[in-house]
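Taking it in order: structure first as structure tokens, then the write-up.
The values are calculated or read from the model by the stated rules, or taken from the named source; none is laboratory data. Here the structure is a predicted model, which is why all the values come from computation and not from measurement. In this analysis, Cβ positions are derived from the backbone assuming ideal geometry, glycine residues included, and neighbour counts consider all displayed protein chains. These accessible areas exclude ligands, DNA and RNA; they are computed on the full protein's heavy atoms, side chains included. Shrake-Rupley method; radii C 1.70, N 1.55, O 1.52, S 1.80 Å.
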Amino acid sequence: MAEEKRLMKGNEAMGEAAVRAGCDAYFGYPITPQNELTAYMAKHMLDKKRTFIQAESEVAAINMVFGAGATGARVMTSSSSPGVSLKQEGISYACGADVPCVVINVSRSGPGLGGISPAQGDYFQSTRGGGHGDYYHIVLAPKSVQEAADLTYEAFDLADQWRMPAMVLADGMIGQMMEGVSFKPPKDPATRIAKPWAVGTSSNRPVNHVDSTHLDPDEFEAVNRARFERYAEMKKVLPRYEEHDIDDAELVLVAYGTSARVSYGAVQMARKLGIKAGLFRPITLWPFPEKRMGELADAGKKFLAVEMSMGQMVEDVRLYTHGKSEVFFYGRCGGNIPTEEAVLAEIQKILKK
Amino acid sequence: MELTYGHPKSLLPIQTKYCPGCGHGVIHRLITEVIDEMGVQDHSIILNPVGCSIWASLYFDFDSVQVPHGRTPAGATGVKRMKPDHLVICYQGDGDLAAIGTAEIVHAANRGEKFTTIFVNNAIYGMTGGQMAPTTLVGQKATTAPYGRDPIGAGMGYPIRVCEMLETLGGSKYLARGAVNNAANTRKTKQYIRKAFEAQMRGEGFTMVEILSQCPTNWGMEPVESVEWVESDMIPFYKLGEIKDELAGSANAVKEAGK
Ligand SMILES: Cc1ncc(C[n+]2csc(CCOP(=O)(O)OP(=O)(O)O)c2C)c(N)n1
Ligand code: SF4
Ligand SMILES: [Mg+2]
């Protein structure tokens, strides 16, 4: 049963959700706009006698996550774009060694040091396996403080279930804004799935090695292929999305996170003007809800991707509509957030209404 | 008949990939002898580094975790914090520890992380084929120091004495430097390892044993020459002994002796 609503910042809500999900250890390094999350974890993890370390860098933090995750513990790190770039080597290793963990990216504008305002320029990095090698990992994109809390809570289970990092990609707006949020009760440790592959767990079994190295190319290929079979299975059961006013829509806006909130406002304004616009909001960015995209393309819809970037997710919209549909793009970047009016104007321009 | 010398139980009886005369194999043996003597084989976890000893997990008969190059102390931090009752060994080469992973070792030592680093100083990058390491001696040749390490003229800096560097940090409790170039040094090194492991199991803070180790292949020497070079060139610069001993166990021993 959900508890009473509390008014909280997204960053703190994700922290509380992680604590309730049974996070055993948190490792992080300060960076704006996610600092409240690290501070929240410091207080609440230490209060509960769990492990909290302010690491010397994001590089160290993700490898502490890897080490702790290798023991089967529930572990998390959080950062923002430049810091998540530094974590990519470690994320690649975690994917290569099938170590579950939760990584939160409260993303900001880039490239480079960029700015501390919200942006969605990390879509490629998040959904394409941002480090080296052949891999993907779960990416969840919340649109509100409530959803940020819910997805963080669930991310621990998904990471364990699929044996991989689960990333919550929340832009700086979601991290910084305050909304009412209610939390699920603390997870019962007894519901955790067994991790027979973990180190330091039992003496009555053959030794366990948590690594990503393989001497033999054929053996290595087989391991990678098995992992991709798991990805194929995930693509069948994991994709999640939300739709508004889709059925009769001529133009479907596709947006996630903060830009989906703006797009929803624009769709409502368009409907008041009698314009047939709808919204498709992917919640899982990886695996992307590609099947549903294809169905909408077959239904003859046009698409408008709205992003806080120069256009990244729009490539997936093009990819999964298989060239059958007209795909338009509207984006702001540099820390700017599109306005509902500007998105409405774009809708009107495309539909000539 | 009593068996007085055999193969350590926690070291698998298989041939290693190390070159003839390499120090890594001897060091593996010392580690496993101590583990057997302490009876902690089923409570040991090794973090094997990126370097020639990347395959260490093939030889040790206990669990292992393998993190990226240089991040070994960060990985060991995560493992040990979750498994405080286990013996956690952070095995590192000089490139891993003193170049790419300098930040990780300094901060793990400073936090007083309760694992033991076994620091294999062979003054060279073994695995990648003989490049200059942070511990390469002045004048020593490497593929990336073809005329010898030149600290000023070529701006290659000076060899780093890691134990001495970590000595100033509050979290480091035991720092010793040994060698495996002859029987006497090898025996002493084993005592250092034992002392460090026991301190770790008592939860005493950061412990490290640096071990001067031969890399005949990349030094361009015969194995016999290489053990002599450790004596003639390395030991004069990297002094052997216990560089820092702030273990409570040792303090008690001193108190006992003073009674
Ligand atoms: C990020 C990264 N950079 C570089 C390398 C290549 N590399 C592998 S081992 C190594 C040096 C190992 O030297 P050392 O740590 O001294 O170990 P040794 O082989 O001498 O025992 C390097 C540079 C790598 N694997 N990963
Ligand atoms: S290259 Fe050097 S360190 Fe590596 S196995 Fe050979 S002798 Fe040992
Ligand atoms: Mg070396």
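The charge dipole of the protein assembly as shown, taken about the Cα centre with unit charges on the Cβ atoms of Lys, Arg (+1) and Asp, Glu (-1), comes to about 980 debye, rounded to the nearest 20.
Run the helix sum for the protein assembly as shown: -39,500 (n - 2.57) per DSSP H stretch of 4+ residues, divided by residue count, reported at 222 nm to the nearest 500 deg cm²/dmol. Write down the numbers at each step before the final one.
Working: 21 runs with 237 residues, N = 612.
Result for the protein assembly as shown: -12000 deg cm²/dmol, rounded to the nearest 500.
A probe of 1.4 angstrom, applied to the heavy atoms of all protein chains, finds residue A:192 with accessible area near 80 square angstrom.
For the pair segment B:202-238 and segment A:171-237, the centres of their Cα atoms are 40 angstrom apart.
Amide hydrogen proximity for residue A:242: with H placed 1.01 Å from N in the peptide plane, the residues at 5 or more positions away or on another chain lying under 5 Å are A:281, A:283.
From the convex hull of the Cα coordinates of chain A, what is the mean projected area in square nanometres?
Numbers: hull surface 74.7 nm².
Its average projected convex-hull area is 18.7 nm².
Projecting the Cα atoms of B:89, B:220, A:118 onto the dipole axis of the protein assembly as shown, where Lys and Arg carry +1 and Asp and Glu carry -1 at the beta carbon, places A:118 farthest toward the positive end. Looking at B:201, B:28, B:136, which one has the Cα that reaches farthest to the positive end of the dipole of chain B (charges on Cβ: Lys, Arg +1; Asp, Glu -1)? Highest projection toward the positive end goes to B:201. Bridge orientation summary for the protein assembly as shown: considering DSSP beta bridges with both residues in this region, about 25 percent are antiparallel.
Once Lys and Arg get +1 and Asp and Glu get -1 on their Cβ, which of A:67, A:21, A:55 lies farthest toward the positive end of the dipole of segment A:1-73? Farthest along the dipole direction, towards plus: A:21. The DSSP beta bridges internal to segment A:241-351 are antiparallel in roughly 25% of cases.
So what's Rg/Rh here for the protein assembly as shown, counting alpha carbon atoms and using the Kirkwood radius for Rh? Kindly include the intermediate steps, with their values, before the conclusion.
Values: Rg = 27.5 Å, Rh = 26.2 Å.
Here Rg/Rh amounts to 1.05.
How much area per residue is accessible in segment B:73-153 when the probe is 1.4 Å and only protein heavy atoms are counted (Å²)? Walk me through the numbers on the way to the answer.
Details: 2500 Å² over 81 residues.
Result: 31 Å² per residue.
Taking the Cα centre of chain B as origin and charging only Cβ (+1 Lys, Arg; -1 Asp, Glu), how large is the dipole, in debye to the nearest 20?
Values: 24 positive and 27 negative charges, 91 e Å.
Value, rounded to 20: 440 debye.
As a calculated quantity, the FRET efficiency between residue A:3 and residue B:233 at R0 = 56 Å, using C-beta atoms, amounts to about 0.25. Put simply, the amide H of residue A:104, placed in the peptide plane, has neighbours under 5 Å in A:77, A:78, A:79, A:168, leaving out anything fewer than 5 places away on its chain. If you take the Cα centroid of segment A:326-347 and the Cα centroid of segment A:1-71, the two points sit 33 Å apart.
For the interface of chains B and A, what total accessible area is buried with a 1.4 Å probe, rounded to the nearest 100 Å²?
Numbers: alone 11670 and 14950 Å², together 24160 Å².
The summed interface area works out to 2500 Å².
Once you reduce segment B:4-79 and segment A:278-307 to the center of their Cα atoms, the two points are 51 Å from each other. Computed from the Cβ-Cβ distance with R0 of 35 Å, the FRET efficiency linking residue B:154 to residue B:12 stands at 0.20. In this calculation the C-beta distance from residue A:353 to residue A:201 is compared with R0 = 60 Å, giving a FRET efficiency of 0.45. Here the label points at residue A:291 and residue B:251, each 7 Å from Cα along the C-beta direction, are separated by 6.5 nm in the simple model. When the convex hull of its Cα atoms is viewed from all sides, segment A:241-351 shows a mean projected area of 5.9 nm².
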